[in-house]
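Okay, structure first, notes after.
The values are calculated or read from the model by the stated rules, or taken from the named source; none is laboratory data. The structure presented is a predicted model; accordingly, all values stated were derived computationally and were not measured. No Cβ is skipped: glycine too gets one built from the backbone with ideal geometry, and neighbour counts run over all protein chains shown. The area values use the complete protein model at the heavy-atom level, side chains included, leaving out ligands, DNA and RNA. Shrake-Rupley method; radii C 1.70, N 1.55, O 1.52, S 1.80 Å.
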Amino acid sequence: MKETHIILRERALANSSIDAKMAEISELYGVYIEFLLSPNIFASESSFVKEVFSLKEITPIPGTPQYISGLINIRSRIYSVLNLKPLLAVREKGLTDMNKVLLIENSNSSFGLIADKVIGKKAFLKDDIHEPPANLGEFGGEFIIGVSDTGTILLSAEKILKCKKIIINQ
């Protein structure tokens with residue numbers, strides 16, 4: 001029977017090669033959460049998406065811009081909910097209990113993003129991501145990283161979270 005330290009060393013070597021392969025893959029691919037804002041498919045970096053849940057009850061906030069849908073309470077925490085459709089010039093069809101919310105966050109802020117449907121996790125080859133179209137509006141278009149070969153529009157959750165225009169102080 002092998003000695004314990006030999007077994008542990010073999011496991012450590014196997015794990016380090018897995019970490020090296022994952023680092024190599026992350027250089028080539030970006031991992032995103034795909035979601036539908038009908039009729040378009042969008043995606044946001046998975047590292048910023050902390051949770052996905054059904055839209056149950058949203059409390060509207062009077063006097064806020066159209067892209068701020070309101071507030072939600074998730075496990076005794078209050079989050080602002082953004083509707084990206086007005087920002088990205090996507091036609092609005094209204095909200096239902098079938099809508100989903102992607103909770104995105106970084107160390108400084110967090111928001112809920114409304115989606116018609118969450119499709120799932122997908123890796124995109126970084127070389128297959130193309131520049132966004134030049135005809136995008138200034139506000140909203142600034143969040144778009146690019147477009148994949150399959151037509152998925154890739155959004156920067158980091159830019160959304162850092163955008164000063166989205167934060168309403170009253």
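Decide, for region 27-68, between rounded, prolate and oblate: order the square roots of the alpha carbon gyration tensor eigenvalues as a ≥ b ≥ c, take rounded if a/c falls under 1.5, and otherwise choose prolate if a/b is larger than b/c, else oblate. Taking the square roots of the gyration eigenvalues as a ≥ b ≥ c, region 27-68 is prolate. Rolling a 1.4 angstrom probe over the protein heavy atoms with all chains in place gives region 46-123 an accessible area of 57 Å² per residue. Residues whose amide H comes within less than 5 Å of that of G146, counting only those at least five positions distant or on another chain, are L154 (H built at 1.01 Å from N in the peptide plane).
Each peptide in 46-58, 77-89 was scored by the mean count of other Cβ atoms within 10 Å over its residues; highest first, the order is 77-89, 46-58.
May I ask you to compute the full-extension gain from L36 to R91, defined as 0.36 nm times their residue separation minus their alpha-carbon distance, rounded to one decimal in nm?
Value of the extension gain: 18.6 nm.
Taking amide H as placed 1.01 Å from N in the peptide plane, S69 has its amide H under 5 Å from the amide H of V81, L82, N83, each at least 5 places away in sequence or on another chain. Peptides 141-147, 159-165, 5-11 ranked from most to least packed by the mean count of surrounding Cβ atoms within 10 Å: 141-147, 159-165, 5-11. Measuring against 27 Å, Cα to Cα, the residue pairs K100/K162; K93/K121; K93/K126; K122/K164; K121/K165; K50/K159 contain K93/K126; K122/K164; K121/K165 as the ones spanning a longer distance. Computed 3J(HN,Hα) for region 55-67, one whole-Hz value per residue from the Karplus formula 6.51 cos²θ - 1.76 cosθ + 1.60 where θ = phi - 60°, is 7, 9, 9, 10, 9, x, 10, x, x, 9, x, 4, 7, glycine and proline marked x.
Between E158 and L28, full extension at 0.36 nm per residue minus the direct alpha carbon distance yields a gain of 44.8 nm.
Taking amide hydrogens as placed 1.01 Å from N in the peptide plane, the amide H of Y29 sits under 5 Å from those of K126, each at least 5 positions away in sequence or on another chain.
Label reach from I78 (point 7 Å along Cα→C-beta): in region 110-124, amide nitrogens under 17 Å belong to 110-112. For I74, the accessible surface of its heavy atoms amounts to roughly 30 Å² (probe 1.4 Å, protein chains only, rounded to the nearest 10). Could you report the accessible area of S107 in Å², rounded to 10, computed with a 1.4 Å probe on the protein chains as they sit in the structure? That residue has around 110 Å² of solvent-accessible surface.
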